[in-house]
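Q: Questions regarding the structure given below will be posed in turn.
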């Protein structure tokens with residue numbers, strides 16, 4: 001079935017990017033144009049072509065609906081949107097009606113936890129609660145089965161992975177770099193952020209051996225920084241990415 005690739009984005013903007021995780025609409029449009037015919041949801045992975053991509057969005061920002069959806073529909077592409085139910089309806093985030101429209105237009109809706117905590121710091125009971133309440137809330141609101149979970153902050157341990165599958169999810173998306181096979185259930189994702197130009201985006205869509213080696217090194221360093229600084233990792237990242 002060939003090697004698959006997944007990317008993760010957060011907020012899109014038509015204006016100048018102001019945060020590390022912001023991505024300009026022109027860069028997102030370029031990304032979609034490069035892979036549109038093979039951009040799939042998890043339900044389509046098994047029957048996808050030798051090369052396929054899963055475009056994912058974390059957090060449920062309003063730009064998922066106002067900016068990302070029209071571009072995806074124009075190019076007949078699919079994506080997975082990982083939402084945090086407790087964020088829905090807050091300023092800068094989608095409403096439930098918008099989330100419903102994403103699903104009605106062929107997009108997959110996944111869980112990004114109920115309150116977006118650091119799972120590496122939670123007890124087993126707290127992890128199960130976050131996983132179960134988020135899943136149930138989305139399923140009840142949309143009348144669907146939620147199959148996929150994305151780990152907040154990319155911070156987790158082996159216990160977290162076990163809890164994800166025990167809670168009934170079929171796929172667990174991480175923030176580690178890499179590629180995967182169609183039958184994998186733990187899915188790495190390559191981040192698209194404001195520091196990337198179109199050449200850098202192309203590198204993560206079609207990674208060379210050099211790029212894949214770089215990913216391994218970056219993940220090792222990132223793991224150590226996250227272990228030391230926890231949630232402050234985002235602030236540390238901004239310093240080194242300037």
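Q: Spin-label point model (7 Å from Cα, Cβ direction): what's the residue 115 to residue 139 distance in nm?
A: Each label point lies 7 Å from its Cα, and together they span 2.2 nm.
Q: Something else about it: For labels at residue 209 and residue 181 in the simple 7 Å Cα→Cβ model, what's the distance in nm?
A: Label at residue 209, label at residue 181, 2.1 nm between them.
Q: Could you put 211, 7, 99 in order, starting from the residue whose Cβ has the fewest other Cβ atoms within 10 Å?
A: Ordered from fewest to most neighbouring Cβ atoms within 10 Å, 211, 7, 99 come out as 211, 7, 99.
Q: Once the Cβ-Cβ distance between residue 198 and residue 50 is put in as r, and R0 is 30 Å, what FRET efficiency do you end up with, to the nearest 0.05?
A: 0.80
Q: Considering the chain as a Gaussian network with a 10 Å cut-off on Cα pairs, which listed residue, 102, 122, 12, attains the greatest mean-square fluctuation?
A: 122
Q: Still on this structure, I have one more. Give the order of 34, 210 when sorted by the count of other beta carbons within 10 angstrom, beginning with the fewest.
A: So the residues, fewest neighbours to most, are 210, 34.
Q: Here is a further query. In the P(r) worked out for the stretch 153-214, what percent of Cα pairs fall beyond 18 Å? Please list the in-between numbers first.
A: Working: 872 of 1891 pairs.
Counting pairs separated by more than 18 Å, the tail of P(r) holds 46 percent.
Q: Nearest 5 is fine: what % of DSSP beta bridges in the stretch 3-207 come out antiparallel, could you say?
A: Working: 4 of 30 bridges.
Around 15 percent antiparallel, to the nearest 5.
Q: Can you tell me which of 124, 109, 138 moves the most in a GNM of the chain? Springs connect C-alpha atoms under 10 Å apart.
A: Ranking 124, 109, 138 by mean-square fluctuation puts 124 first.
Q: Provide Rg and Dmax in Å for the chain, with only Cα atoms included in the calculation.
A: So, for the chain, Rg and Dmax equal 16.7, 45 Å respectively.
Q: Still on this structure, I have one more. Which whole-angstrom value gives the distance between the alpha carbon centres of the stretch 2-36 and the stretch 112-136?
A: Using only Cα atoms, the two centres lie 27 Å from each other.
Q: Contour minus end-to-end for residue 90 and residue 124, with contour as 0.36 nm per residue of separation and end-to-end as the Cα-Cα distance? Mind dumping the intermediate values first?
A: Values: separation 34, 0.36 × 34 = 12.24 nm, distance 2.83 nm.
Full extension from residue 90 to residue 124 adds 9.4 nm.
Q: Among 162, 100, 145, rank each residue by its count of other Cβ atoms within 10 Å, from fewest to most, as a rough exposure measure.
A: Fewest-to-most ranking of 162, 100, 145: 145, 162, 100.
Q: Most fluctuating residue of 191, 66, 148 in a GNM of the chain with Cα springs under 10 Å: which is it?
A: Among 191, 66, 148, the largest mean-square fluctuation in the Gaussian network model of the chain belongs to 66.
Readers should treat all values here as calculations from the given coordinates under stated rules, not as data from a laboratory. As the structure is a prediction and not an experimental result, all values here were calculated from the model. Virtual Cβ from ideal backbone geometry, glycine too; neighbours counted across all protein chains shown.
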